[in-house]
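First comes the structure, then the notes that go with it.
All of the numbers you see were taken from the coordinates with simple rules; none came from a lab. Remember, predicted model here, so these are calculated numbers, not experimental data. Cβ sites come from the backbone with ideal geometry, for glycine too, and all protein chains shown count toward neighbours.
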Amino acid sequence: MIIILDAMGGDNAPDAVIKGAVRAIKEVAENTEILLTGNEEIINKRVKELFGKNSISDISPKIKIHNTTQIIEMEDKPTEAIKHKKDSSMVVGFNLLKEGKGDVFISAGNSGALLTGATLLVGRIKGIDRPALAGILPAYHSRLLLIDSGANTNCKPINLLQFAQMSTIYLRNTFGIEKPAVGLLNIGTEETKGNELTKESYELLKEKSEELGINFVGNVEGRDAFSGEIDAIVTDGFTGNIFLKAVEGIGKFVKRSLVESLKHNILSIIGAIPCMPAINRFRKTMDYKEYGGALFLGVKKPVVKAHGSSDDYLFYFTIKQAEKFVDNKAVERMIEEFEKIPKNA
């Protein structure tokens, strides 16, 4: 397996990408390699400063570089960047994936450009109107799939229906959940609640779910999303991204407040010592980084969006997640499942 990694994408590139790759390569399968796309001179210069080695291959022969000369910046307009920066680390990564020279592509770069590149260069799965970002979040004794978490800010009811289909197929084939519970994110549980999009999406999901094999459980409020009873939350990318970042912010707030409380005085420090195993388990559960990046469901090849602010720790987990994504043949199964859906569904 070859994991293509955009070395120049993200707020902390290339250092965080390099360190994450070096850390991950020690734990991936024996036949797995990492191919960094980016400026070879810059990457190796940082390798020397970070590790004291002349090149990345001196650290591990399983990490290689495909040299590129351009970078898609966060402020670049997505379509223009994909069309005109053909030798960028992102576009080259997509083309390598499309040509079969890699099995999955990871980037923490410009989200709009990543969606545009995935759609235009890799291509959508037949039958899917819009690919979507599916992020994994912790839930009570479980996990929660949030789709769309930022790819499509303006959606139609048919898009949310397909997000429910994709999440169902993914959770069933990757996590073995036979009938994943899929909810529609809303401001109330009643059928009449919400804006036009959510009300129309509710009716469409209610009408089509049985035919399409979706276990639709109705509207779900944000406070109930992490109960462990919901496997996937469906929403538009605008709402989903706000929800995702609010949850991440709360997680950081809780961890920071917990640490400060434990260090408040000598008595709290002493009292916390017997509780440390439980506290560490709690902190681990709340750490979104361990769940990796967001998967682009709906495109013909595996694509993973890492957080723009990813550090080496998050890149490490995203690489491991991407390896699992490929091993489980998630995209192939998605294609097979959509081919079975009646054309008039």
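Using +1 at the Cβ of each Lys and Arg and -1 at the Cβ of each Asp and Glu in the chain, identify which of VAL254, LEU314, THR32 lies farthest towards the dipole's positive end.
Positive-most Cα among the choices belongs to THR32.
For segment 69-111, what does the alpha-carbon gyration tensor say about shape, rounded, prolate or oblate, given a ≥ b ≥ c as the root eigenvalues, a/c under 1.5 as rounded, and a/b over b/c as prolate?
Here segment 69-111 falls in the prolate category.
For segment 68-75, what does the Karplus curve 6.51 cos²θ - 1.76 cosθ + 1.60, with θ = phi - 60°, yield as ³J(HN,Hα) per residue in whole Hz, taken in order and with x for Gly and Pro?
3J(HN,Hα) across segment 68-75, in whole Hz: 9, 10, 10, 9, 8, 7, 4, 8.
Given 0.36 nm per residue, what is the gain on full extension from HIS141 to MET276 after removing their alpha carbon distance, in nm?
Here the answer is 46.6 nm.
Sort out for me the Cα centre separation of segment 34-113 from segment 289-337, rounded to whole Å.
17 Å
Loop-only GluC sites (Glu not before Pro) in segment 170-257, please: DSSP not H, G, I, E or B, and at most 15 other Cβ atoms within 10 Å.
GLU178, GLU190, GLU191, GLU221, GLU229
What are the aspartates and glutamates whose alpha-carbon lies under 15 Å from the alpha-carbon of LYS48, with same-chain residues fewer than 8 places away excluded?
Partners within reach: ASP15, GLU40, ASP58.
So, in Å, what gap is there between the alpha-carbon centers of segment 124-160 and segment 9-25?
Segment 124-160 and segment 9-25 have Cα centres spaced 26 Å from each other.
Give me the percent of DSSP beta bridges within the chain that run antiparallel, rounded to the nearest 5.
30 percent
Once amide H atoms are placed 1.01 Å from N in the peptide plane, what residues at a sequence separation of 5 or more from ILE65, or on another chain, have their amide H within under 5 Å of its amide H?
Answer set, sorted by chain and number: LEU36.
Rounded to the nearest 500 deg cm²/dmol, what is the calculated helix-only ellipticity per residue at 222 nm for the chain, with -39500 (n - 2.57) per DSSP H run of length n ≥ 4?
Helix-only estimate at 222 nm: -14500 deg cm²/dmol.
Distance check, please: which entries in LYS77/LYS300; LYS45/LYS305; LYS53/LYS329; LYS101/LYS324; LYS26/LYS340; LYS252/LYS301 exceed 28 angstrom between their Cα atoms?
The answer is LYS53/LYS329; LYS26/LYS340; LYS252/LYS301.
Given springs between every Cα pair under 10 Å in a Gaussian network model of the chain, which of LYS179, LYS255, LYS263 has the largest fluctuation?
Result for the chain, Cα springs under 10 Å: LYS263 fluctuates most.
As an exercise, use a Förster radius of 35 Å and the Cβ-Cβ distance of LYS252 and GLU229 to find the FRET efficiency, rounded to the nearest 0.05.
E(calc), rounded to 0.05, equals 0.85.
Tabulate in residue order the Karplus-calculated ³J(HN,Hα) for segment 176-181, using 6.51 cos²θ - 1.76 cosθ + 1.60 with θ = phi - 60°, rounded to whole Hz; enter x for Gly and Pro.
Values per residue, Gly and Pro as x: x, 8, 4, 10, x, 7 Hz.
Using a 7 Å offset from the Cα along the Cα-to-Cβ direction at both LYS193 and SER55, what is the distance between the two label points in nm, to one decimal?
5.9 nm
In whole Hz, what ³J(HN,Hα) sequence does segment 320-329 give by Karplus (6.51, -1.76, 1.60; θ = phi - 60°), x for Gly and Pro?
Once rounded to whole Hz, the list reads 5, 5, 4, 4, 5, 4, 6, 4, 7, 6.
If a/c stays under 1.5 just call it rounded; otherwise compare a/b with b/c (prolate if a/b is bigger, oblate if not). Do that for segment 1-127, with a ≥ b ≥ c from the square roots of the Cα gyration tensor eigenvalues.
Here segment 1-127 falls in the oblate category.
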